[in-house]
Structures are given as structure tokens and as C-alpha cells.
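A short reminder: the numbers here are calculations on the coordinates, not readings from a lab. Keep in mind the model is a prediction, meaning the values are calculated, not measured. We place every Cβ from the backbone using ideal geometry, glycine too, and count neighbours over all the protein chains shown.
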């Protein structure tokens, strides 16, 4: 069976002036055209070729020896070539760009930017892209707690947090409680694995191990205090919203780093402010 969206090994059963017809075997009536410009010079009847099956501009099944960046059911990061009134067109390695409708976008995409998408067959029986990739991503294997990874944000939920494709391949989540600062769909993030659930799904936290992150947070707090001419107009009792806005970190992380700086006598904490200590 010749299958849309898949790479198959087929056999040349007939030549024409405009290409060669391929089939699973000589007896099969199901055939697909390989355009003449893609037929190898050495090809003959019975030659087997590895081809990808898609549709041409007239919606006819056609084959190509060029391999796309993504096949049916797979997930990949593809670049947006163009955005039109009907949707976006993505570079997937073939002459005819891959269509991404507005309905299948989880955020409005921009030309030149790359996004995680899956390849599926739409209601009109055509290959198309979707940014709703959650169900296409498998759970990861071989990962360990505290391991640092890189991934791409593919969806943001007000309820759950930021969904991340770990190494652009596997399911991952930055829970809402660990989500601080600005983050957008398409962002590449560095994160640490905080938990691996029984079903294999991975929980993540942006940044490094707590003791390393505390050092970074402390340095950031000092820089911001300096930007406020040495006096921060609030202390460690500030609201989580204020802390997130000014530092992009949780209140707990802020209090830990402030405590560290206070013990090191680098800051002084007042009733309504934090100031650099006098040296």
C-alpha cells in the first residue's frame, strides 16, 4: 500500500516521457509517479528506490527522492517561509512548502522564525502542519533527575505551565509554580529535570541546581540594586508579582538570595528597602 506522508521503498514498473511509475511490486495496480528529473540515470525496470509520498499542486499523489525534514506523525522544528491571509507556509525540505493554517497555530507565527510542529493528514486528505504537538511527542527514556537539558517551548497553559519539547523530541513541562519571567512559544530554554513521573513524563525547572542558581540570583539582585542607585524601594516582604517583574524569579528564590547576601554583609535590609552595605 502506497501511504501518504511516509518514506517507502518502491520498485520502478514503467517508464514514460515525464517520469517513472513506482509500485510495491509488478502485480500491484497501485502506482505513483516519480518525476523525470528525479529518476536516476542508471534506473531500469525493477530498480528499487526510497521515496517520500506527498501530493503535488493538483492534489495528486506523487513521489520524490528528496527527503523532507519531517514525516507523518513526527515532530520537528521548521522555519516559517511566509505568512499569508490563509495561513503560514513552512520550509520542510521540499519544493512545495508545508501549510500551517491559522487554526492549527497555538500562537501567531512570524516569517523567519522556527516552531515545533507535527505532520498530519487534514480533513481534505492533504499533508499539513499543526503546532498542537503534545500527542505526537513520546515520553523520554534514559533521563535522570537533576540532568540539565535544552528544549523548545511549544505551548503555554495558564493552568499547567509551559510545555517543552525536551531535546526537541520528548514531553516535558515547566509547572506553573516554577514559571517566572517572560517566556514565549518557540523559545529555546535551558532547564533542569526536577522529577520523572511514573508514566515517564518529565518535570522541569528553568536554570541550574539551587546552590548554583542562588549564586546567580544573588549577583542579579546586586546588579538591580545598583541600577536603583544602591537602594531597592522594597524588601524581601514584597509581593511575588513585584519580585517577578523586577527580577524574573520566584519570591522563595528571592528570599534565599537576599538571605545569602545579608549573611555575607553585602546588603542591609530596612523596613521598606534593601540597600547596598557600606564598605
* Do the sum for the chain: with -39,500 (n - 2.57) for every DSSP H run of n ≥ 4, divided by all residues, what is the mean residue ellipticity at 222 nm, to the nearest 500 deg cm²/dmol? -> -4500 deg cm²/dmol
* Report the extension gain between residue 24 and residue 182 in nm, rounded to one decimal, defined as 0.36 nm multiplied by the number of residues separating them, less their alpha carbon distance. => 51.7 nm
* Structure fact -> For segment 210-276 the mean separation of alpha carbon contacts under 8 Å (6+ apart) over residue count, i.e. relative contact order in percent, is 42 percent
* Relative to the longest principal Cα axis of the chain, at what angle does helix 210-227 sit, 0 to 90 degrees, rounded to 10? -> 70 degrees
* **Between segment 33-52 and segment 232-251, the alpha-carbon center distance in angstrom** => 64 Å
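Working out 0.36 nm times the residue gap between residue 50 and residue 219, then minus their Cα-Cα distance, what length gain in nm do you get to one decimal?
Working: separation 169, 0.36 × 169 = 60.84 nm, distance 5.56 nm.
Taking residue 50 through residue 219 to full extension adds about 55.3 nm, to one decimal.
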* **Rounded FRET efficiency, nearest 0.05, which uses the C-beta distance separating residue 264 from residue 231 and R0 of 22 Å** => 0.75
* Antiparallel DSSP bridges in the chain: what percent, to the nearest 5? -> 95 percent
* Asked: Can you give the direction-averaged projected area of the convex hull of the alpha-carbon atoms in the chain, in nm²?
  -> 20.7 nm²
* To do: Could you grab the relative contact order for the chain? Cα pairs under 8 Å, six or more apart, rounded to a whole percent.
  => 10 percent
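Efficiency by 1/(1 + (r/R0)^6): what FRET value for residue 86 and residue 66, r their Cβ-Cβ distance, R0 = 30 Å, to the nearest 0.05? Walk me through the intermediate numbers first.
Numbers: r = 25 Å, r/R0 = 0.84.
Given R0 = 30 Å and the Cβ-Cβ separation, E is 0.75.
Set the Förster distance to 22 Å, then compute FRET efficiency between residue 146 and residue 168 from the Cβ-Cβ distance, nearest 0.05. Present the calculation step by step, with values, prior to reporting the outcome.
Numbers: r = 21 Å, r/R0 = 0.95.
With a Förster radius of 22 Å, E is 0.60.
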* Asked: Cα axis of helix 251-263 to longest principal axis of the chain: angle in degrees, 0 to 90, nearest 10?
  -> 40 degrees
* To do: Let me know the volume per residue of the alpha-carbon convex hull for segment 139-206, in Å³.
  => 77 Å³
